[in-house]
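Here is the structure we will look at.
The values are calculated or read from the model by the stated rules, or taken from the named source; none is laboratory data. Treat the numbers as computed from the prediction; the structure is a model and nothing was measured. Counting neighbours? That spans all protein chains shown, and the Cβs are built from the backbone with ideal geometry, glycine included. Protein only, heavy atoms only, side chains kept; ligands, DNA and RNA dropped before computing areas. Shrake-Rupley method; radii C 1.70, N 1.55, O 1.52, S 1.80 Å.
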Protein chains: 2
Amino acid sequence: MVSDVAQLDSVFHALAHSARRTIIQQLRSGEKNLSELAAPLKMSFPAVSKHVRVLEAARLVTRRVRGRSHFCQLRAEPFAEVSEYAEQFRQLWEQRFDALEDLLAEMQHEEKKRKGPG
Amino acid sequence: MVSDVAQLDSVFHALAHSARRTIIQQLRSGEKNLSELAAPLKMSFPAVSKHVRVLEAARLVTRRVRGRSHFCQLRAEPFAEVSEYAEQFRQLWEQRFDALEDLLAEMQHEEKKRKGPG
DNA sequence: ATATTATTCAACCAATTGGTTTAGAATTTT
DNA sequence: AAAATTCTAAACCAATTGGTTGAATAATAT
């Protein structure tokens, strides 16, 4: 586990807003400038600018200034930390699903018994 | 993808605070009541109570009241959504790591050339 | 019945968040 | 040189967050 506490704070915080997740999705297809990122979002330009700053703070986005355009690029590495964090709990959530499967299997078994000899 | 937008909002928000992640870690070893959860945290009891509510809102924790004790249990399912979300970007971050590996391999290759014929 | 324990509620506070608008700076276009 | 484009900065605002304290509630122990 490489991820320090403050980094996880900032990444999770960055991801906890749908506008920022929308920005991230847009950046999957490559670099985009702020105007392009702002287009589909129903908010003022400065608001988008602030969201991008939050993403930069979490190191999810880097900025390359070219003339008057600020091109944003997705940096996916922090997602590795998020994944790693979540995977800690895989056993726990699969355990639950297994229990649910067992329950369903049990119910189907009961169903057969009810139908079969009847 | 089952996770709706509001659910991701609340889960990421819940995870974006180290005190809440500490609570989650404590709950990995099983149910604990609020007093137990509060013990290692350097904040007042009501503050912890509020953090637990945030975790409940994100469905990361459920509460079972037994007498005057409120036992909290971890529900790991939302982590599946978090993992699923992060995994979307695996290709992207591995791409980067691959590039880094390539660079390292290249450097080692250069190193051999330098040493070898010398 | 009283005290203790476990927790919530309510009120309050400072800081942060997420948004706005207006203005300004920097870079292209005309 | 003037106009348009892209973005930041600053000031402001309402709502939320994360914390506090003090009082209230509920359950158990003495």
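Residues in the range B:30-44 that are within 12 Å of DNA strand D (Cβ to nearest atom) and charged (D, E, K, R): B:K42 only. From the list B:A105, B:A86, the one residue that fits, being surrounded by 13 or more Cβ atoms within 10 Å (Cβ to Cβ), more than 16 Å from DNA strand C (Cβ to nearest atom) and free of Cβ contacts under 8 Å to residues at least 40 places away in the same chain, is B:A86. So which pairs qualify, if the first residue must be in the range A:12-24 and under 18 Å from A:T62 (Cβ atoms) and without any contact (Cβ under 8 Å) to a residue 40 or more places away in the chain, the second must be open to solvent by less than 10 Å² (accessible area, probe 1.4 Å) and of a type in the set (G, A, S), the Cβ gap must be under 7 Å, and the two must be at least 6 apart or on different chains? If the second residue must be open to solvent by less than 10 Å² (accessible area, probe 1.4 Å) and of a type in the set (G, A, S), the pairs left are A:R20/A:A14.
Scanning the range A:21-40 for residues being open to solvent by 20 Å² or more (accessible area, probe 1.4 Å) and within 18 Å of the chain's Cα centre (by Cα) gives a total of 6. Please work out which residue is most open to solvent (accessible area, probe 1.4 Å), limiting yourself to the range A:61-83 and to residues that are in a helix (DSSP H, G or I) and facing another protein chain (nearest Cβ under 8 Å). Selected residue: A:E77. Return yes when A:R90 is more than 12 Å from DNA strand D (Cβ to nearest atom) and at the interface with chain B (Cβ under 9 Å from one of its Cβ atoms) and no when it is not. So A:R90 fits the description; yes.
For every residue, the table says whether it meets (1) without any contact (Cβ under 8 Å) to a residue 12 or more places away in the chain; (2) closer than 27 Å to B:R28 by Cβ; (3) within 16 Å of DNA strand D (Cβ to nearest atom).
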{"position": "A:P46", "(1), (2), (3)": "yes, no, yes"}
{"position": "A:V54", "(1), (2), (3)": "no, no, yes"}
{"position": "A:G67", "(1), (2), (3)": "yes, no, yes"}
{"position": "A:P78", "(1), (2), (3)": "no, yes, no"}
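Residue under question is A:H13, and the condition is that it be in a helix (DSSP H, G or I), crowded, with 17+ Cβ neighbours inside 10 Å, near DNA strand C (Cβ under 10 Å from one of its atoms) and away from chain B (no Cβ under 13 Å); does it hold? When the stated conditions are applied, A:H13 does not pass them.
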